[in-house]
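For reference, the structure discussed in these notes is given below.
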Protein chains: 2
Amino acid sequence: MRLLAARERTVPLGAPMRNASIAFDAMTASALALVAEHGGRRLAGFAFDSIGRYGKGGLLKERFLPRLLTAQPGSLLDKNGLLDPDACVRAVMANEKAGGHGERPGAVGLIEAAAWDLRAKALGVPLWKAIADWSGTLDANPRIAVYASCGHFREGGGLAEEVKAARDAGYSTVKIKLSGDLASDLARIEEARRVARLAVDLNGCLAPGRATEWFEAVAPFDLAWIEEPAPPLDYELLARYGAMAPAPLATGENLFSFDDARNLLRYGGLRAGRDLVQVDPLLAYGVGEYVRIIEAFERASWTRRAFLPHAGHLFAAHCVAGLGLRAAEAAPDASLPYGGWWSGAHVADGTMAIPERPGVGFEAKPNLFALLAPLAE
Amino acid sequence: MRLLAARERTVPLGAPMRNASIAFDAMTASALALVAEHGGRRLAGFAFDSIGRYGKGGLLKERFLPRLLTAQPGSLLDKNGLLDPDACVRAVMANEKAGGHGERPGAVGLIEAAAWDLRAKALGVPLWKAIADWSGTLDANPRIAVYASCGHFREGGGLAEEVKAARDAGYSTVKIKLSGDLASDLARIEEARRVARLAVDLNGCLAPGRATEWFEAVAPFDLAWIEEPAPPLDYELLARYGAMAPAPLATGENLFSFDDARNLLRYGGLRAGRDLVQVDPLLAYGVGEYVRIIEAFERASWTRRAFLPHAGHLFAAHCVAGLGLRAAEAAPDASLPYGGWWSGAHVADGTMAIPERPGVGFEAKPNLFALLAPLAE
């Protein structure tokens, strides 16, 4: 297997909506293709960004794709001559200083993800199977739990309608955005809970002075989890919130490395058997780093059922299946390139079976594949 | 004061040398100019990267410069109508999620630094004076302590000659690179200590299994400090090293935010009155964030004498003078654009007086100004 080309395009994904911390009007995301030759065949491996941290075109073009394309070809392969995604990460991380895990882990994660698509296609298996075999996961299963993430702040409201649409699409747990303002948050919970079981996302914006009252007030609603009550790197505040929370806490979507996830484990006061870890492999150097994170938690008596990757869409769903994780996150609106699932996949009772196709299967999600296919031509 | 244009160029700064973790052959850095109109005059503010984390051209062009240039002009000014560097940071950080402090803080730091150069030029004062006035620093002083940073790993050696050249140039403390390999490190210390008082830099590479023996072996050498013995985000290991170190520890050059610096303070086991903090304002969102970091340490009984900013060159020297910090770092080779100081500045007995010029004074460092001036044309 030999890499021939790598192409990135940064696509606008702006939408007139907000969470508690940012607006999405000018949001962008990276689409990436790696083109390779394998056994006389031309193969294309694709990756598409998680949403929320902007595209990584500059970094990919300045540093990471040139290193990938100039690496010794043998250094990128496993002993069977197949592309080794973790080896690709090592190659592109040459001469990068430690620490500072921000945009870089997302740029590298896209390369790792596209390398996984290539590897699985070369093996002729769905990505989840390739990940399960590589990681030695015994209880991998293409039928996974999925939950819907919606309920952003929008002009004109429509929260109940959005949650109802998600429930009608087969999701049994729906996550909505809150702001940390108790009156408004309670009104939103009341509006949405009539329709589905709720998880809520504070995007780091629950003020310490309001927390006691806030947690007490939401206690009656049997929330599936309360997401990111504290800013992502304030482990001390998170531990305080964990001690008072009436529901599981979930966090980690803004931690992008093993180093940062280990600090969450060491200092965040999270509880095995209750809380959830949302590190996003696509934004955090890829599956290899993610498995090392899982193993660090397992050494501290956590199980994989605590892992609930942020965003990541089709790619993350394969990670959930291939590594035996708790559930995958879905933007339920299939008209979005990063919403819905593969043609022919059906969500029912909060679960979905990943269709049998080689690789990630972007080819079976037409409005997303339309962004990717031109990069491989 | 009104911004007219912003231009960045990524310049190659490759050199055939290594530290314990990376090679510098393909290193790049960003040169940035902000052009403004002020009182009928055209002014240019400049910034030049710290070295080691690569240029930030992609991020500046994709996200941060467009936000700066499209911000409401009034939102960037203080009540006197002068450009407010901290307000520029708030403007360019619009719609950025929390956490993930990697490349972004360096891109934003460059904008903040160029805004400082503009502000000081508009005021007609040296940057250190503008920073002292803004921050309310009472003991600001243009005469600062400086130390030389050299002794990278190079083909052919020449360590003693390099340290001797630094001493002959007026530096009394010289920092050299070590690797964590005890025999090689002792040989390097022996070679260099005959010439100058030494600090040593491990760039995160002291293995836990070797640490006890290593610290014992270097104890007799009266090292000024031992820099980055542990990886930057492994606070637990750093605290263990701090308990056994025979000299002050210094760290923080790879922490790029208030959030990360606060975690260092909370979990790193550093000791006020002994250890040193090397956060680099230019790589960490600028002077505003840096002052907030200093204040967090002051609230924990630290003093500003513990602050020793990494790299940053002319800009960091002004921060040291304007905020009353311990010392500035110098690459002593003035033939490098980021080495030596202003024409007419002289180092003697490890101190130097910043010349009286408006702003940073890049205009008086010809081989650096040659990289910056074309951006303002």
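Some notes on this structure:
- Any hit, segment A:42-50, residues being under 30 Å from residue A:157 (Cα atoms) and either without any contact (Cβ under 8 Å) to a residue 40 or more places away in the chain or of a type in the set (Ser, Thr, Tyr) (or both): yes
- Whichever residue in segment B:63-102 is basic (Lys, Arg) and outside any helix (DSSP H, G or I) and, among such residues, is nearest to residue A:263 (Cα to Cα): B:97
- Any hit, segment A:249-262, residues being among the aliphatic types (A, V, I, L, M), assigned by TED's automatic domain parsing to the domain that holds residue A:145 and part of a helix (DSSP H, G or I): yes
- Taking the criterion of being more than 11 Å from every other protein chain (Cβ to nearest Cβ) and either among the aliphatic types (A, V, I, L, M) or within 14 Å of residue A:281 (Cα to Cα) (or both), the residues of segment A:240-263 that qualify are A:243, A:244, A:245, A:247, A:249, A:250.
- So residue A:229, is it within 19 Å of residue A:184 (Cα to Cα), in contact with a helix residue (DSSP H, G or I) (Cβ under 6 Å, 6 or more places away or on another chain) and of a type outside the set (Phe, Trp, Tyr): yes
- In the set A:67, A:63, only one residue is within 24 Å of residue B:18 (Cα to Cα) and facing chain B (nearest Cβ under 7 Å); that residue is A:63.
To keep it simple, each residue is scored yes or no on (1) in contact with a Cys (Cβ under 7 Å, 6 or more places away or on another chain); (2) assigned to a loop (DSSP other than H, G, I, E, B); (3) over 23 Å from residue A:99 (Cβ atoms).
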| residue | (1), (2), (3) |
| --- | --- |
| B:145 | no, no, yes |
| B:155 | no, yes, yes |
| B:166 | yes, no, yes |
| B:171 | no, yes, yes |
| B:185 | no, no, no |
| B:188 | no, no, yes |
| B:218 | no, no, yes |
| B:239 | no, no, no |
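- Residue match in segment A:189-204 (condition: surrounded by 20 or more Cβ atoms within 10 Å (Cβ to Cβ), in contact with a Gly (Cβ under 7 Å, 6 or more places away or on another chain), closer than 26 Å to residue B:263 by Cβ and within 14 Å of chain B (Cβ to nearest Cβ)): yes
- The residues of segment B:1-43 that are among the acidic types (Asp, Glu) and more than 12 Å from chain A (Cβ to nearest Cβ) amount to a single one, B:37.
- Those residues of segment B:279-297 which are over 20 Å from residue B:56 (Cβ atoms), within 14 Å of another protein chain (Cβ to nearest Cβ) and β-branched (Val, Ile, Thr), in sequence order: B:293
- Within segment A:108-163, the set of residues being over 22 Å from residue A:76 (Cβ atoms) and of a type in the set (Ser, Thr, Tyr) comprises A:137, A:147, A:149.
- Any chance residue B:197 is free of Cβ contacts under 8 Å to residues at least 60 places away in the same chain and closer than 30 Å to residue B:102 by Cβ: no
- Checked against (1) in contact with a Ser or Thr (Cβ under 6 Å, 6 or more places away or on another chain); (2) among the hydrophobic types (A, V, I, L, M, F, W, C); (3) free of Cβ contacts under 8 Å to residues at least 40 places away in the same chain, residue B:224 passes all but a single condition, namely (3).
- You will find that of B:73, B:85, the residue that is farther than 21 Å from residue A:59 by Cβ, away from chain A (no Cβ under 13 Å) and under 19 Å from the mean Cα position of the chain (by Cα) is B:85 and no other.
- Only listed residue being touching a strand residue (DSSP E or B) at 6+ places or on another chain (Cβ under 9 Å), of a type outside the set (S, T, N, Q), surrounded by fewer than 19 Cβ atoms within 10 Å (Cβ to Cβ) and outside the structural domain of residue B:283 (by TED's automatic domain parsing), chosen from B:32, B:69, B:83: B:69
- Residue that is in contact (Cβ under 8 Å) with a residue 24 or more places away in the chain, small (Gly, Ala, Ser), under 27 Å from residue A:352 (Cβ atoms) and in contact with an Asp or Glu (Cβ under 9 Å, 6 or more places away or on another chain), where the choices are A:269, A:324, A:242: A:324
- Cβ pairs under 6 Å, 6+ apart, first in segment A:342-359 and outside the structural domain of residue A:316 (by TED's automatic domain parsing), second of a type in the set (D, E, K, R): none
- Test: residue in segment A:124-134 that is among the β-branched types (Val, Ile, Thr), away from chain B (no Cβ under 14 Å) and farther than 25 Å from residue A:41 by Cβ: no
- Residue count for segment B:266-278, restricted to those that are buried (at least 20 other Cβ atoms within 10 Å of the Cβ) and either within 14 Å of chain A (Cβ to nearest Cβ) or assigned to a loop (DSSP other than H, G, I, E, B) (or both): 4.
- Set side by side, the residues B:74, B:57, B:52, B:99 differ, and just one is within 30 Å of residue A:231 (Cβ to Cβ) and touching a Leu at 6+ places or on another chain (Cβ under 8 Å), which is B:99.
- In segment A:44-58 there is no residue matching the filter, namely being outside any loop (DSSP other than H, G, I, E, B), surrounded by fewer than 19 Cβ atoms within 10 Å (Cβ to Cβ) and either more than 11 Å from chain B (Cβ to nearest Cβ) or modelled with pLDDT of 95 or more (or both).
- Scan segment B:354-377 for residues that are within 22 Å of residue B:335 (Cβ to Cβ), crowded, with 16+ Cβ neighbours inside 10 Å and among the small types (Gly, Ala, Ser) and the total you get is 3.
- Among the residues of segment B:205-231, those identified as crowded, with 23+ Cβ neighbours inside 10 Å and within 14 Å of chain A (Cβ to nearest Cβ) are B:206, B:227, B:228, B:229, B:230.
- Note on segment B:336-371: residues that are in contact with a helix residue (DSSP H, G or I) (Cβ under 7 Å, 6 or more places away or on another chain) and within 18 Å of residue B:27 (Cβ to Cβ) amount to 3.
- Test: residue B:176 is crowded, with 24+ Cβ neighbours inside 10 Å, among the β-branched types (Val, Ile, Thr) and in the same structural domain as residue B:35 (by TED's automatic domain parsing): no
The values are calculated or read from the model by the stated rules, or taken from the named source; none is laboratory data. On a predicted model such as this, the values are computed, not experimentally measured, just so you know. Positions of Cβ are generated from backbone atoms using ideal geometry, with glycine treated the same way; all protein chains shown enter the neighbour counts.
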